[in-house]
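For reference, the structure discussed in these notes is given below.
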Amino acid sequence: MSFQVFGIAVSKGVAIGRAVLVASSRVDVAHYFIAANDVDPERRRLEAGRDAVVHELETLKNELPDDAPHELAALLDVHLMLLQDDALIGAAQQWISERHYNAEWALSAQLEVLARQFDEMEDDYLRERKADLEQVVERILSALTDENNAGALGVAERDFAGEDPLLLVSADISPADMIQFKRSVFQGFITDIGGKTSHTAIVARSMDIPAVVGTREASRLIQQDDWVVIDGDAGVVIVNPSPIILEEYRFRQRQAELERARLARLRHTPAITLDSVRIDLHANIELPDDASTALAAGATGVGLFRTEFLFMNRGGRLPDEEEQFRAYKTAVEGMQGLPVTIRTVDVGADKPLERLTLAELRHEHTLNPAMGLRAIRWSLAEPHMFRQQLRAIFRASAFGKVRVLIPMVAHLSEVRQIQEAIRSVRQQLADEGILATNIELGVMIEVPAAALMLPLLLRQVDFVSIGTNDLIQYTLAIDRADEAVAHLYDPWHPAVLQLIAQVISQARAAGKSVSVCGEMAGDTAFTELLLAMGLTQFSMHPSQIPSVKQRILRADTARLAEVLPQVLQSDSPQEAAGCLAHASAFGAIGERA
Ligand code: PEP
Ligand code: MG
């Protein structure tokens with residue numbers, strides 16, 4: 001039966017493929033394809049994992065003290081029975097043989113199938129056995145991981161041709177898990193929760209594959225293996241589409257490919273407006289190797305390196321100075337002399353670290369993490385970590401042009417502490433005979449307080465970068481990751497527009513460089529708006545650079561600036577966008593003349 005699921009469009013394009021349902025708790029299970037001649041060894045690996053658990057449980061049972069409750073032995077019997085059931089291991093082996101899934105993936109895929117069957121059972125007692133099944137699978141997964149220690153998920157490329165593309169469907173995917181899906185087998189994502197600028201959505205966008213989040217119930221309605229179309233432009237998921245719909249979407253896919261190829265030709269064209277204003281198009285990156293993608297897309301620098309992703313998926317072991325130094329150096333060298341803006345860690349809120357540090361332990365009790373110990377607050381609470389990161393950044397600055405950017409600053413006292421930390425780190429490096437150049441210091445403007453006291457901040461720093469994702473979140477009091485209030489997350493809100501316009505104009509007047517690195521910068525719906533405000537530095541996902549550049553080439557900043565007062569006075573997004581469209585139309589005529 002064909003049906004549609006509606007959600008929030010977060011990453012554009014069309015993806016067509018088969019659904020792979022992954023429970024949120026198991027997104028971090030290794031997902032990769034095995035080679036055809038590894039099928040038998042992989043089936044044996046799964047059996048060995050199962051046998052290890054059988055052995056473990058039998059030992060446990062034999063060693064039960066005489067006075068152990070009777071239920072305990074009965075429970076172990078149930079688990080042992082499930083382990084021997086062909087519906088689990090036998091069926092999982094079929095996923096290995098037929099789909100070439102690795103053992104962990106095959107097992108969790110089969111768990112999904114069985115869990116649904118349990119959910120539909122009438123009998124309460126039987127329905128509750130689902131928890132036992134999950135525990136058994138958990139044990140096998142853990143045995144497999146101990147023995148294989150594959151760790152990573154979804155990083156292997158498909159090694160056999162002719163298979164259907166796969167789309168991942170999950171209730172939720174954390175940003176930490178999402179980052180691991182880079183270069184994975186999945187060609188699209190669908191989640192039940194999340195907002196347009198949640199970090200999960202941001203990472204999906206950085207991968208440049210279609211994604212729809214906030215569907216609320218996709219993971220419940222879509223079945224394993226269903227044919228699914230993700231319309232990443234409209235935020236719609238079409239399940240089991242009719243042949244006509246499928247053909248329509250295949251056509252759109254081909255059109256998008258052609259458009260992409262056409263835009264790629266702009267790569268070497270400088271981004272200069274019709275009235276000769278040169279615009280810097282920088283890239284937002286998450287991992288050091290993303291620098292090559294940024295260069296290939298024509299970025300003239302990195303405007304935001306979200307270093308927190310280096311701190312995730314590490315089983316709690318955080319990267320030390322040396323490891324960070326190597327990562328930053330890779331990014332800096334990768335940009336071949338172009339500037340790289342390294343943002344100090346922005347952990348907390350929807351990007352929690354594994355709880356290891358004192359600060360994180362405190363964070364556990366934070367009621368509202370977005371307003372808690374996040375970003376610079378975390379760094380200042382962990383001075384050792386902060387110093388390590390600053391040292392690594394300063395050392396990497398010997399290999400190119402580096403700037404340091406601090407997230408979520410709201411107090412002048414924070415700036416003073418940052419400056420003091422920088423001074424002392426430079427002194428320490430100098431004492432060790434390591435030359436630490438004087439790199440530019442910038443702060444992100446993402447808390448309304450920072451925007452409102454900008455003149456004071458500008459006296460202390462070299463540049464500012466507007467993080468519109470958070471600025472909108474904190475100005476409008478809308479959790480950016482919460483789909484329940486996603487409709488209120490409005491970049492066109494007059495208060496937001498006032499703040500952004502004010503920051504850009506005050507920074508320019510003070511002769512300080514200002515950029516926008518939130519998602520607004522890469523969304524062509526806002527290109528003219530930001531140009532009208534006088535912005536000359538944008539930072540976005542590399543894949544967004546060509547389309548934004550195309551808009552810039554057709555824009556006339558002087559004409560756009562003329563309508564800015566009207567835009568700021570508008571009482572609806574439609575009216576604001578209308579003023580800009582009018583000014584843009586003149587620009588387009590100018591281009592032809
Ligand atoms: C922002 O808040 O706009 C920003 C760029 O930072 P992040 O999305 O990483 O919070
Ligand atoms: Mg932010």
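The values are calculated or read from the model by the stated rules, or taken from the named source; none is laboratory data. None of the values given here were measured: they were computed from a predicted structure. So basically every Cβ, Gly included, is an ideal-geometry build from the backbone, and we count neighbours across all protein chains shown.
Things to note:
- Residue match in segment 116-135 (condition: of a type in the set (A, V, I, L, M, F, W, C), surrounded by 14 or more Cβ atoms within 10 Å (Cβ to Cβ), assigned by TED's automatic domain parsing to the domain that holds residue 41 and in contact (Cβ under 8 Å) with a residue 60 or more places away in the chain): no
- Filtering 243, 270 for residues that are surrounded by fewer than 18 Cβ atoms within 10 Å (Cβ to Cβ), free of Cβ contacts under 8 Å to residues at least 12 places away in the same chain and in the same structural domain as residue 560 (by TED's automatic domain parsing) leaves a single hit, 270.
- Considering 214, 232, 162, the condition of being in the same structural domain as residue 16 (by TED's automatic domain parsing), at pLDDT below 85 and small (Gly, Ala, Ser) is satisfied by 162 alone.
- Residues in segment 274-293 that are touching a Gly at 6+ places or on another chain (Cβ under 8 Å) and among the hydrophobic types (A, V, I, L, M, F, W, C) were compared, and the one that is surrounded by the fewest Cβ atoms within 10 Å (Cβ to Cβ) is 274.
- Residue within segment 441-458 that is surrounded by fewer than 18 Cβ atoms within 10 Å (Cβ to Cβ) and either basic (Lys, Arg) or farther than 30 Å from residue 499 by Cβ (or both) present: no
- Some residue of segment 482-505 being closer than 18 Å to residue 376 by Cα and out of contact with any Cys (no Cβ under 6 Å at 6 or more places or on another chain): no
- Only one of the numbered conditions (1) away from ligand 2 (no atom under 16 Å from the Cβ); (2) in contact (Cβ under 8 Å) with a residue 60 or more places away in the chain; (3) within 15 Å of the chain's Cα centre (by Cα) is not met by residue 310, and that is (2).
- Scanning segment 402-420 for residues that are hydrophobic (A, V, I, L, M, F, W, C) and under 29 Å from the mean Cα position of the chain (by Cα) yields 402, 404, 405, 406, 408, 409, 410, 415, 418.
- Considering residues of segment 458-494 that are away from ligand 1 (no atom under 16 Å from the Cβ) and aliphatic (A, V, I, L, M) only, the residue modelled with the lowest pLDDT: 484
- Pick from segment 387-439, criterion assigned to a helix (DSSP H, G or I) and farther than 23 Å from residue 346 by Cα, ranking: farthest from ligand 1 (Cβ to nearest atom): 431
- Residue in segment 396-406 that is within 16 Å of residue 519 (Cα to Cα) and either at pLDDT 95 or above or touching a helix residue (DSSP H, G or I) at 6+ places or on another chain (Cβ under 6 Å) (or both) present: no
- Filtered residues of segment 342-370 (kept if over 16 Å from residue 198 (Cβ atoms), outside any loop (DSSP other than H, G, I, E, B) and modelled with pLDDT of 85 or more): 342, 343
- Scanning segment 460-477 for residues that are touching a residue at least 40 places away in the same chain (Cβ under 8 Å) and either part of a strand (DSSP E or B) or away from ligand 2 (no atom under 14 Å from the Cβ) (or both) yields 460, 461, 462, 463, 464, 465, 466.
- In summary, residue 520 fulfils each of the numbered conditions (1) in a helix (DSSP H, G or I); (2) among the aliphatic types (A, V, I, L, M); (3) modelled with pLDDT under 95 with the single exception of condition (3).
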